[in-house]
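Here's the structure we're looking at; comments come further down.
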Amino acid sequence: DQQVKQNSPSLSVQEGRISILNCDYTNSMFDYFLWYKKYPAEGPTFLISISSIKDKNEDGRFTVFLNKSAKHLSLHIVPSQPGDSAVYFCAASGGYGGSQGNLIFGKGTKLSVKP
Amino acid sequence: NAGVMQNPRHLVRRRGQEARLRCSPMKGHSHVYWYRQLPEEGLKFMVYLQKENIIDESGMPKERFSAEFPKEGPSILRIQQVVRGDSAAYFCASSLDLSYNSPLHFGNGTRLTVT
């Protein structure tokens, strides 16, 4: 049973436009959420995170929104650039007795930004 | 990603052989995590170690898999008597501490192929 779901396997966006990647979770005890970006043949790279006590966190072109009542978070990239083309993973932690580094990952969304 | 060093990058083993995967954390990091990624899947937590101690092994298969992080040297993930289902990408990550300001930094992974 997947606790973190990324229902869109892929997303294609025009350069300069907004990219919106979505993530849903089922465990209301999660207290920390992260987004990682992954290029082929490389490890995931940390992008941005948000604590469950907040509903928004912004870092440059990247903004993460958290809707706790809907158990939904999204990553907005504005403006999108071709170098943003990668697989984006949503991850969650906390609240279930696991250690802090025991992250639950979604299956990822492959973003393609076209010039 | 360059901070966490994993080797080898690619490893081919025949069924029944042993696989040893090595991970050197980022400088100053004493928390090490191992994750496994099967094709078309997200990363799955396996084990969390600090120097000489296994803290959380809730994601480790009960048999054939073991991990260590000795006082000196890299962390080792050992898979005995490998089977085809062990073929996956194995990622190591490290963190400075357990605070939310200290996200996991991943290496580029070891791709294990069992023939």
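Bear in mind that the values in this text are calculations on the coordinates, not laboratory data. All figures in this text were calculated on a predicted structure; none of them were measured in a lab. As a convention, Cβ positions derive from the backbone with ideal geometry for all residues, glycine included, and neighbour counts pool all protein chains shown.
Check segment A:12-28 and report whether any residue there is in contact with a helix residue (DSSP H, G or I) (Cβ under 9 Å, 6 or more places away or on another chain) and part of a loop (DSSP other than H, G, I, E, B).
yes
Looking at segment B:93-115 only, could you name the residues that are in a strand (DSSP E or B) and within 8 Å of chain A (Cβ to nearest Cβ)? Step through it out loud before you land on a result.
The initial filter retains those residues of segment B:93-115 that are in a strand (DSSP E or B), namely B:93-95, B:105-106, B:110-114.
Selection gives B:ALA93, B:SER95, B:HIS105, B:PHE106.
Does A:GLY83 satisfy the condition of being within 30 Å of B:ARG9 (Cα to Cα) and surrounded by 17 or more Cβ atoms within 10 Å (Cβ to Cβ)?
Values: within 30 Å of B:ARG9 (Cα to Cα): yes; surrounded by 17 or more Cβ atoms within 10 Å (Cβ to Cβ): no.
Answer is no for this residue.
Report whether or not B:LEU49 is away from chain A (no Cβ under 14 Å), outside any loop (DSSP other than H, G, I, E, B) and under 21 Å from A:PRO44 (Cα atoms).
On the way: away from chain A (no Cβ under 14 Å): no; outside any loop (DSSP other than H, G, I, E, B): yes; under 21 Å from A:PRO44 (Cα atoms): yes.
Here the answer is no, as B:LEU49 does not meet what is asked.
Considering only segment A:57-80, I want to know if a residue exists there that is part of a loop (DSSP other than H, G, I, E, B), touching a residue at least 24 places away in the same chain (Cβ under 8 Å) and among the polar types (S, T, N, Q).
Scanning segment A:57-80 turns up at least one residue that is part of a loop (DSSP other than H, G, I, E, B), touching a residue at least 24 places away in the same chain (Cβ under 8 Å) and among the polar types (S, T, N, Q).
Among the residues that make up segment B:69-79, is at least one of them surrounded by 17 or more Cβ atoms within 10 Å (Cβ to Cβ) and either under 20 Å from A:VAL4 (Cβ atoms) or out of contact with any strand residue (DSSP E or B) (no Cβ under 8 Å at 6 or more places or on another chain) (or both)?
No, segment B:69-79 contains no residue that is surrounded by 17 or more Cβ atoms within 10 Å (Cβ to Cβ) and either under 20 Å from A:VAL4 (Cβ atoms) or out of contact with any strand residue (DSSP E or B) (no Cβ under 8 Å at 6 or more places or on another chain) (or both).
For segment A:52-69, does any single residue satisfy the condition of being in contact with a Phe, Trp or Tyr (Cβ under 9 Å, 6 or more places away or on another chain), under 22 Å from B:GLY107 (Cα atoms) and either crowded, with 21+ Cβ neighbours inside 10 Å or within 11 Å of another protein chain (Cβ to nearest Cβ) (or both)?
No, segment A:52-69 has no match at all.
Name the one entry in B:ARG22, B:ARG15 that is touching a residue at least 24 places away in the same chain (Cβ under 8 Å) and either part of a strand (DSSP E or B) or surrounded by 18 or more Cβ atoms within 10 Å (Cβ to Cβ) (or both).
Exactly one residue qualifies, and that residue is B:ARG22.
Of the conditions (1) in contact with a strand residue (DSSP E or B) (Cβ under 6 Å, 6 or more places away or on another chain); (2) within 14 Å of chain A (Cβ to nearest Cβ), B:ARG9 fails just one. Which one is it?
Result: B:ARG9 passes all but (1).
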